Amino acid sequence: MKTCLNCQKEYPNKREASKFCSDKCRVAYNRKHPKKAPVSELQMQVLYNAVLELVGKSGRIEEKPAIASKTTYQPIITQQLPQVAIQAITHKYLEDKQEVTNADEHKSWLKRLNDDTRLSDEQKDVILKSRL
Ligand SMILES: [Zn+2]
């Protein structure tokens, strides 16, 4: 005889590994004791995106000094992104790069990277020279 983990009643031991008297008890027990699932890749991506969004909101935008030409005005994000955000952006670019199949797609990928105000020129250079 074994004791059911859920209802504590004794039951005939059918299998060595069994812990519950019935499927009902197994389901009930597992519901009360949920296992922590490992974080999936998708959940990780969602997390990254949330971090990026938060960081984007907290980045202060300053105007350039008045001497700067009006036509070249661009907002400057003065706050450096945390390393994890940079890595996420870098990874995304490298992933996208893998999906590039022709010159046009490569051009638009390159333009997107060059126009990305979240990254410094050095960081863009790293992305250009890296592979996944
Ligand atoms: Zn039971």
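So the values come out like this:
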quantity	calculated
Spin-label pair LYS107/VAL46, simplified geometry with 7 Å Cα→Cβ offset, distance in nm	3.8 nm
Extension gain (nm, one decimal) between GLU16 and LYS32, 0.36 nm per residue minus Cα-Cα	3.4 nm
Contour excess over end-to-end distance, with Cα ends at LYS92 and LYS129 and 0.36 nm allotted per residue	11.9 nm
Gyration tensor (Cα) of region 78-132, equivalent ellipsoid semi-axes in angstrom	20, 12, 9
Area of LEU54 that stays accessible when all protein chains are in place (1.4 Å probe, Å², to 10)	120 Å²
Qualifying GluC sites (Glu not before Pro) for region 1-54 [loop in DSSP, other Cβ within 10 Å: at most 15]	GLU16
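The values are calculated or read from the model by the stated rules, or taken from the named source; none is laboratory data. What you see is a predicted model; the values in this text were computed from it and never measured. Positions of Cβ are backbone-derived with ideal geometry, glycine not excepted, and every protein chain shown enters the neighbour counts. Remember, those area values only see protein heavy atoms, side chains included, never the ligands or the DNA or RNA. Shrake-Rupley method; radii C 1.70, N 1.55, O 1.52, S 1.80 Å.
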